[in-house]
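The values are calculated or read from the model by the stated rules, or taken from the named source; none is laboratory data. Fair warning: this is a prediction, and the values are worked out from it, not measured in the lab. As a convention, Cβ positions derive from the backbone with ideal geometry for all residues, glycine included, and neighbour counts pool all protein chains shown. Only protein heavy atoms, including side chains, enter the accessible area calculation; ligands, DNA and RNA are left aside. Shrake-Rupley method; radii C 1.70, N 1.55, O 1.52, S 1.80 Å.
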Amino acid sequence: MDEDGAELLPVLVTSRLRLRCWRSQDASALSTNLTSTVTRWLSSWPDPTSIDLAAERIAEARAGVSQGWHVSYAIERLSDGVVIGGFGGGAQDQRERVEIGYHLAEAAQGRGYMTEAAIAGLAAMWSLLPAQVIEAQVHPDNTASRTILTRLGMRFVEERPVYSTAREAWEPGCWYEIERPT
């Protein structure tokens, strides 16, 4: 197996970041990055996120990538090779409309990394998946994430509740979408 996971996904390099397929050895970094400040915005990641759960999710993501219905990138900072976040999405049972999700370690926030990674990741998704629409859901109070989606060219569609498997509760969600470029 290629160390970057290039056998599963193309490696993307921006001016400051490398996006590569998640590897099993990234489980510790993923667990460490998912602090309570980060997971409060994520409907499917519990706080705390154990290394075992992170490893399980990485294995599931890699399986989806190898089956062709999912894209899942670890985001590495080029300056030091540290994994600072993730970007990906897909839908096993619905390929016309797929949802993206992303996260960024607390210490890496506020520097434009997520916008940089999301621009590259979204372009890759269009080339790798047959989706006609890509959507994303954010908590109404997550201003930074809403700004990222707007910068990606996504438009606000509606506010509707989202079930948080991490907290086993319904939470408010703002839905954004973008259609495949022609």
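Quick check on my filter: what residues within the range 123-182 are small (G, A, S) and out of contact with any helix residue (DSSP H, G or I) (no Cβ under 6 Å at 6 or more places or on another chain)?
Passing the criteria: A123, A124, S127, A131, A144, S145, G153, S164, A166, A169, G173.
Checked against (1) part of a strand (DSSP E or B); (2) out of contact with any Pro (no Cβ under 8 Å at 6 or more places or on another chain), W170 passes all but condition (2).
I'd like the full set of residues that are within 18 Å of R180 (Cα to Cα) and surrounded by 18 or more Cβ atoms within 10 Å (Cβ to Cβ), limited to the range 132-147. Walk me through how you get there before you give the answer.
Going residue by residue through the range 132-147, those that are within 18 Å of R180 (Cα to Cα) are 132-137.
Selection gives I134, E135, A136, Q137.
The residue pairs whose first member lies in the range 47-76 and is within 17 Å of R18 (Cα to Cα), whose second member is β-branched (V, I, T) and open to solvent by less than 30 Å² (accessible area, probe 1.4 Å), and whose beta carbons are closer than 6 Å, counting only pairs six or more residues apart or on different chains, are S72/V65; A74/V83; I75/I84; E76/V83.
Restricting the range 74-124 to residues that are hydroxyl-bearing (S, T, Y) and within 19 Å of W41 (Cα to Cα), the residue that is surrounded by the most Cβ atoms within 10 Å (Cβ to Cβ) is Y102. Within the range 1-10, none of the residues are assigned to a helix (DSSP H, G or I) and open to solvent by 80 Å² or more (accessible area, probe 1.4 Å). The single condition among (1) within 30 Å of W175 (Cβ to Cβ); (2) open to solvent by 40 Å² or more (accessible area, probe 1.4 Å) that I58 does not meet is (2). Kindly indicate whether T182 is out of contact with any His (no Cβ under 6 Å at 6 or more places or on another chain) and open to solvent by 30 Å² or more (accessible area, probe 1.4 Å). Judged against the criteria, T182 is a match. Taken together, the residues in the range 23-48 that are at pLDDT 95 or above, open to solvent by less than 10 Å² (accessible area, probe 1.4 Å) and among the polar types (S, T, N, Q) amount to 0.
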